[in-house]
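A.B. asks: Below you'll find the structure I mean.
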Amino acid sequence: MTKKRTIKPEDLYQLKSVADPQLSLNGNDLAFVETRMLEEENTYSSNIYYINAKESKKPIQWTFGKHRNHSPRWSPDGESIAFVSDRDGKSQIYMMSKAGGEARC
């Protein structure tokens, strides 16, 4: 029998939390938030991911960096997503096209 290892405090840096799934009106596009701890900064980072539920491929990371990007919400036409980010030092609403590109405030 293999000896079991106990959880150590530094194991928390390996954990990721997935939350706030948002399905678009077409029923296929899904955005969600992945949060993880940043060891050196001793804080959290959240980024938005996208997956097409019909194609069931790997999720695509839509936002990057050490910021808090959260609360994704689809536009009524499903072609863009709004989310909250503190990338400029304070929390503001950003929009990003489903087709890609840089988010705009």
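A.B. asks: Just checking, which of ARG36, ARG68, ARG73 is surrounded by 17 or more Cβ atoms within 10 Å (Cβ to Cβ) and basic (Lys, Arg)?
C.D. replies: Values: ARG36 fails: surrounded by 17 or more Cβ atoms within 10 Å (Cβ to Cβ); ARG73 fails: surrounded by 17 or more Cβ atoms within 10 Å (Cβ to Cβ).
Checking each option against the conditions leaves just ARG68.
A.B. asks: Could you grab the pairs with beta carbons closer than 9 Å, sequence gap of 6+ or different chains, first residue in the stretch 74-86 and farther than 16 Å from GLU102 by Cα, second one crowded, with 19+ Cβ neighbours inside 10 Å?
C.D. replies: Cβ pairs passing all conditions: TRP74/SER24; TRP74/ASP29; TRP74/ALA31; TRP74/ILE81; SER75/SER24; SER75/ILE81; GLY78/SER24; GLY78/ASP29.
A.B. asks: Can I ask one more? Residue check, ALA99 against (1) in contact (Cβ under 8 Å) with a residue 24 or more places away in the chain; (2) part of a loop (DSSP other than H, G, I, E, B), all met but one. Which one?
C.D. replies: It is condition (1) that ALA99 fails.
A.B. asks: Determine which single condition ARG36 fails, assuming it passes every other condition in (1) over 15 Å from SER97 (Cβ atoms); (2) basic (Lys, Arg); (3) touching a residue at least 24 places away in the same chain (Cβ under 8 Å).
C.D. replies: (3)
A.B. asks: Within the stretch 44-59, which residues are modelled with pLDDT of 90 or more and among the hydroxyl-bearing types (Ser, Thr, Tyr)?
C.D. replies: Matches in the stretch 44-59: TYR44, SER45, SER46, TYR49, TYR50.
A.B. asks: Out of everything in the stretch 72-93 that is touching a Lys or Arg at 6+ places or on another chain (Cβ under 8 Å) and of a type in the set (Asp, Glu), what residue ends up being nearest to ASN28 (Cα to Cα)?
C.D. replies: So, considering only residues that are touching a Lys or Arg at 6+ places or on another chain (Cβ under 8 Å) and of a type in the set (Asp, Glu), the one nearest to ASN28 (Cα to Cα) is GLU79.
A.B. asks: Output the number of the condition that ALA103 fails; it satisfies all remaining conditions of (1) surrounded by 17 or more Cβ atoms within 10 Å (Cβ to Cβ); (2) of a type in the set (Gly, Ala, Ser); (3) closer than 24 Å to LEU12 by Cβ.
C.D. replies: (3)
A.B. asks: Continuing with the same structure: Checking SER17 against (1) assigned to a loop (DSSP other than H, G, I, E, B); (2) in contact with a strand residue (DSSP E or B) (Cβ under 8 Å, 6 or more places away or on another chain), which test does it fail?
C.D. replies: Exception for SER17: condition (1).
A.B. asks: Right, here's the next one. Among the numbered criteria (1) at pLDDT 90 or above; (2) on the phi < 0 side of the Ramachandran plot; (3) out of contact with any strand residue (DSSP E or B) (no Cβ under 8 Å at 6 or more places or on another chain); (4) not polar (S, T, N, Q), which single criterion is violated by ILE7?
C.D. replies: So the condition that ILE7 fails would be (1).
The values are calculated or read from the model by the stated rules, or taken from the named source; none is laboratory data. Predicted, not measured: the structure shown is a model, and the values here were computed from it. When we count neighbours, we look across all protein chains shown, and the Cβ atoms used for this are built from the backbone with ideal geometry, even at glycine.
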